[in-house]
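J.: First the structure, then my questions, so here it is.
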Amino acid sequence: MNDVTRAGGATQAATPLTIARPFRLQWEPAQNAHVLLYPEGMVKLNQSAGEILKRCDGTRDMDTLIAELEQAFNTTGLGTEVRAFIADAHARGWLE
Amino acid sequence: MTDLSQPVSQPVSQPVSQPAAGAQTEDTATVPPPLWLLAELTYRCPLHCAFCYNPLDYTDHSRELSTAQWIDVLREARALGAVQLGFSGGEPLVRDDVEVLVEEAHKLGFYTNLITSGVGLTDQRLGDLKAAGLDHIQLSFQDSTQQLNDFLSSTRTFDLKQRVAASIKRHGFPMVVNCVLHRYNLPHVDKIIEMALAMGAEYLELANTQYYGWAHANEAQLMPTREQLEEAEAVVAHYRRTHGERCKIFFVVPDYFERRPKRCMNGWGAVFLGVAPDGVALPCHAARGLPGLTLPNVKETSLREIWYESDAFNRFRGLHWLKEPCRSCEEKERDLGGCRCQAYLLTGDAANADPVCDKSPFHETVVKVVQRAASASAAASVAREQPILFRNDANSRKLAAGAREPDVTVITGGSGAKP
């Protein structure tokens with residue numbers, strides 16, 4: 001999650017993206033960061049990871065997610081980066 | 001939790017990991033907030049495990065915080081930034097207010113972990129805990145066999161634990177199975193893994209015994225041989241390859257077999273804040289055993305003051321307190337001098353380098369302990385002459401009384417049971 005440009009493509013086309021149990025995402029003011037909590041552990045997310053994962057709430061598929069991020073940050077061409085991060089998050093078991 | 005739970009468990013248990021946080025190399029700069037609150041609700045326990053990390057004189061500290069006092073602790077800790085919360089003990093379920101505390105903790109935004117022997121975890125309580133928002137349950141086993149489980153905990157609990165594990169999964173909780181490893185059960189590590197898989201555990205913590213508290217008193221009986229550890233590690237590696245997707249297996253080599261120490265609690269006063277049953281605040285599970293450390297109590301001092309201002313939490317924080325050979329060591333930021341309890345127990349001074357480090361002038365002490373354990377016949381004779389000291393009230397009172405009379409040697413007599 002440090003480096004969102006890593007890992008390959010693996011596109012889950014129209015599947016809604018959802019945080020997997022037993023992970024829980026929340027914003028922690030004391031750490032000024034989103035964190036992923038799981039049994040007896042925590043991953044502190046950097047800003048881009050947090051912005052992506054907080055939108056993985058079961059209401060968006062990959063394309064919607066990318067479009068929304070590009071709009072939110074007023075930019076284009078995030079597709080490759082976001083897909084790579086989502087593939088990595090799947091591999092870590094963070095997403096269903 | 002490192003246990004944080006067990007001597008850590010773990011430590012604990014595995015402590016809070018921060019792969020994205022980057023290296024924490026600051027010495028003075030800013031003190032980070034506590035992230036992991038361990039609420040040791042009680043020292044009462046139906047089990048009498050020979051490797052318990054509770055203090056030997058726990059019977060001297062039996063006056064427990066009330067529900068209202070615990071709720072204040074939860075609120076203060078959450079306000080400081082604590083986000084992982086372990087309810088532990090003793091056996092937390094001997095208190096009837098765990099559900100109330102879980103409900104409050106859940107409302108506050110903690111990720112709540114119940115660290116239990118399973119004794120007292122009825123279907124009724126599981127349902128109530130689920131409704132209260134409990135996130136996860138860590139269930140401890142002593143071995144994969146009834147005989148050894150029951151011997152090491154000095155109880156008959158194995159069948160009950162099997163039933164409880166099934167109920168935990170029926171109620172939809174993620175489950176960590178924790179098993180403390182030592183000379184007697186390391187040869188069964190394959191069976192222990194199979195058992196955890198059959199129970200549907202998402203995580204298995206194979207926590208090698210850390211030698212303080214009761215485990216230190218039983219060190220001669222519990223210390224494994226290097227061969228036992230290497231064989232167990234190979235078995236773990238095999239299962240990680242074949243079943244790693246289904247169940248994440250943690251296995252930490254015990255400190256005595258290494259040449260570099262581990263960070264104590266991921267840094268003293270850096271992540272972990274424990275509160276003992278009587279309200280004493282602990283920078284590490286075993287800090288009660290360190291002489292010369294005046295531990296603050298939540299009944300008298302706010303958690304904020306305890307965490308940021310107290311001498312106890314600042315004593316070994318960062319790097320400024322390090323003595324040689326640590327002070328000039330280029331690896332000091334990696335291990336922060338290691339475990340303070342090990343330094344005290346094996347060198348007599350908690351501010352010394354952890355003697356697990358082969359740069360410590362006391363490293364030979366650790367080597368000797370391991371060598372003694374390597375001789376199977378020697379271990380057998382120790383077991384004959386000195387029965388295992390089970391953690392129970394009678395033994396605790398005897399040890400506490402002995403500690404108050406420094407000239408009297410405590411005879412460590414247990415129940416006399418043999419495996």
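The values are calculated or read from the model by the stated rules, or taken from the named source; none is laboratory data. These figures come from a predicted structure and were not determined experimentally. Note: ideal-geometry Cβ built from the backbone for every residue, glycine included; neighbour counts use all protein chains shown.
J.: Scan (1) surrounded by 16 or more Cβ atoms within 10 Å (Cβ to Cβ); (2) modelled with pLDDT under 95 for the single condition A:C56 breaks and write down its number.
T.: (2)
J.: How many residues, within the range A:26-78, are part of a helix (DSSP H, G or I), of a type in the set (S, T, N, Q) and under 20 Å from B:F272 (Cα atoms)?
T.: So the count comes out to 1.
J.: If you go through the range B:111-138 one residue at a time, how many are touching a strand residue (DSSP E or B) at 6+ places or on another chain (Cβ under 7 Å) and touching a residue at least 60 places away in the same chain (Cβ under 8 Å)?
T.: The qualifying residues number 4.
J.: I'd like to verify a number: residues in the range B:229-258 that are at pLDDT below 90 and either in contact with a Leu (Cβ under 7 Å, 6 or more places away or on another chain) or in a helix (DSSP H, G or I) (or both), how many?
T.: The number of residues fulfilling the criteria is 5.
J.: Just for the range B:147-175: of the residues that are in contact with an Asp or Glu (Cβ under 7 Å, 6 or more places away or on another chain) and away from chain A (no Cβ under 14 Å), which one is nearest to B:Y203 (Cα to Cα)? Spell out how you get there, then give the answer.
T.: At the first step, the residues of the range B:147-175 found to be in contact with an Asp or Glu (Cβ under 7 Å, 6 or more places away or on another chain) are B:149, B:152, B:156-158, B:167, B:174-175.
With away from chain A (no Cβ under 14 Å) added as a condition, the list becomes B:149, B:152, B:156-158, B:167.
Details: B:N149: 20, B:L152: 22, B:R156: 25, B:T157: 21, B:F158: 19, B:S167: 17 Å.
Ranking the qualifying residues of the range B:147-175, first place goes to B:S167.
J.: Being more than 26 Å from B:R246 (Cβ to Cβ) and either acidic (D, E) or crowded, with 19+ Cβ neighbours inside 10 Å (or both) is the filter here; which residues of the range A:34-47 pass it?
T.: A:H34, A:K44
J.: Within the range B:329-346, work out how many residues are surrounded by fewer than 19 Cβ atoms within 10 Å (Cβ to Cβ) and either closer than 29 Å to B:L56 by Cβ or touching a Leu at 6+ places or on another chain (Cβ under 9 Å) (or both).
T.: Residues in the range B:329-346 being surrounded by fewer than 19 Cβ atoms within 10 Å (Cβ to Cβ) and either closer than 29 Å to B:L56 by Cβ or touching a Leu at 6+ places or on another chain (Cβ under 9 Å) (or both): 3 in total.
J.: Of all strands (runs of 3 or more DSSP E) completely enclosed by the range B:55-146, which ones contain at least 1 residues that are closer than 17 Å to B:A166 by Cα and more than 14 Å from chain A (Cβ to nearest Cβ)?
T.: B:136-141
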